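Undergrad: Take a look at the following structure, please.
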Amino acid sequence: STWCGYACAFWVGVQVFDTSQAVRCFRGILLDVAFGCSLMAILKAASGSDRILWFLETPYSRDAIGLFLNRNYYAAFIELTLPLALTDALIRQRKVLLNGAIAATMFASVILSASRAGTALVILELLVFLAAPLVRAIRGAGAREYWTAIASLVLVLLTTSVVGWDALTQRLRSNEHLGNRL
């Protein structure tokens, strides 16, 4: 029955997104939602609140970030959407500073979430997406790709330095790596 549900969802997706305009619209909305969640995660951490949306109390408040009850689910959502902002900024070079800032905010929010696997994956994504414009610049496509990659890297470093690496380093140093899983 699960596979039947997946097949139905796939069929609905094919029917709904049969035009490039519908895909662009969905892509834009998804990127806006991910950026909103990352801003909310950073603001929630800065405010010191343990509640979701500053008023919803849950038994899982310690690990809640953004709209998600679990830091790993949040990181997985950002991992899936971060390439959209990176593609717009680095590959398509549309609104480089805006999309670079969006990508930097999303990246920094995963660092803030202290998800170990999520952090490793967003760092890998960032390195892959930064390598593409640098390789094109080396091959002689022009200096614009090079400076775009450098500007995006600076935005990521600035944003991440604002939120800090403290939560992640504490989590990496703790001895409870498997404590919750057992």
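The values are calculated or read from the model by the stated rules, or taken from the named source; none is laboratory data. What you see is a predicted model, and the numbers here were worked out from it, not measured in a lab. Methodologically, a virtual Cβ is constructed for each residue, glycine included, from the backbone with ideal geometry; neighbour enumeration extends over all protein chains shown. To get the accessible areas, we keep the full protein, side chains included, count just its heavy atoms, and leave off ligands, DNA and RNA. Shrake-Rupley method; radii C 1.70, N 1.55, O 1.52, S 1.80 Å.
Undergrad: Per DSSP H run of n ≥ 4, the term is -39500 (n - 2.57); total these for the chain, divide by its residue number, and report the mean residue ellipticity at 222 nm rounded to 500 deg cm²/dmol.
TA: -24000 deg cm²/dmol
Undergrad: To continue, here is another question. With a ≥ b ≥ c the root eigenvalues of the C-alpha gyration tensor of region 1-70, is it rounded (a/c under 1.5), prolate (a/b larger than b/c) or oblate?
TA: Since a/c reaches 1.5 but b/c is at least a/b, the shape of region 1-70 is classed as oblate.
Undergrad: While we're on this one: DSSP loop (so not H, G, I, E, B), at most 12 other Cβ within 10 Å: list which chymotrypsin sites (Phe, Trp or Tyr not before Pro) in region 23-118 pass both filters.
TA: Loop-located and lightly packed - Trp54, Phe55, Tyr60.
Undergrad: Top to bottom by accessible area (1.4 Å), largest first, where do Arg27, Arg94 land?
TA: Largest accessible area first, the list is Arg94, Arg27.
Undergrad: So what's the gap between the Cα centers of region 109-139 and region 1-44, to the nearest angstrom?
TA: Between the Cα centre of region 109-139 and that of region 1-44, the gap is 22 Å.
Undergrad: Looking at the chain, which longest stretch skips every one of the GluC sites (Glu not before Pro) that is in a DSSP loop with at most 15 other Cβ atoms within 10 Å, leaving the sites themselves out?
TA: The segment 58-175 is the longest one with no such site.
Undergrad: Among Ser109, Ser20, Ser49, whose mean-square fluctuation peaks in a Gaussian network model of the chain (Cα, cutoff 10 Å)?
TA: Sorting by GNM fluctuation, first place goes to Ser20.
Undergrad: Please name whichever of Thr169, Ile91, Thr159 sits farthest to the positive end of the charge dipole of the chain, dipole taken about the Cα centre and charges placed at Cβ: Lys and Arg +1, Asp and Glu -1.
TA: Ranked along the dipole, the leading option is Ile91.
Undergrad: So for the pair Trp147, Val135, with labels modelled 7 Å out along Cα→Cβ, what separation do we get in nm?
TA: Modelled inter-label distance: 2.4 nm.
Undergrad: Give a residue-ordered list of calculated ³J(HN,Hα) values for region 112-128 (Karplus: 6.51 cos²θ - 1.76 cosθ + 1.60, θ = phi - 60°; whole Hz; x for Gly, Pro).
TA: Result, ordered by residue: 5, 5, 6, 7, 5, 5, x, 5, 4, 6, 6, 5, 4, 4, 4, 5, 5 Hz.
Undergrad: Rounded, prolate or oblate: which fits region 1-137 when a ≥ b ≥ c are the square roots of the eigenvalues of the alpha-carbon gyration tensor, with rounded for a/c under 1.5 and prolate only if a/b beats b/c?
TA: Taking the square roots of the gyration eigenvalues as a ≥ b ≥ c, region 1-137 is oblate.
Undergrad: Of all accessible surface on the chain at a 1.4 Å probe, what whole percent is carbon and sulfur?
TA: That share works out to 66 percent.
Undergrad: Please find, in a Gaussian network model of the chain (springs between Cα atoms separated by less than 10 Å), the residue of Pro83, Pro59, Pro133 whose mean-square fluctuation is greatest.
TA: Pro59
Undergrad: Further question: May I ask you to evaluate 6.51 cos²θ - 1.76 cosθ + 1.60, the Karplus curve with θ = phi - 60°, for each residue of region 68-85 and list the ³J(HN,Hα) values in order in whole Hz, giving x for glycine and proline?
TA: Each residue's phi maps through the Karplus curve to give 9, 7, 10, 4, 6, 5, 4, 4, 5, 5, 5, 4, 6, 9, 4, x, 5, 5 Hz.
Undergrad: Shifting gears a bit: How high is the relative contact order of the chain, in percent, with contacts defined as C-alpha pairs under 8 Å that are six or more residues apart?
TA: Averaging sequence separation for qualifying contacts and normalising by length gives 19 percent for the chain.
Undergrad: How many nm is it between the label spots at Trp11 and Ser161, if each spot is 7 Å from the Cα in line with the beta carbon?
TA: Going from the Trp11 label point to the Ser161 one covers 5.5 nm.
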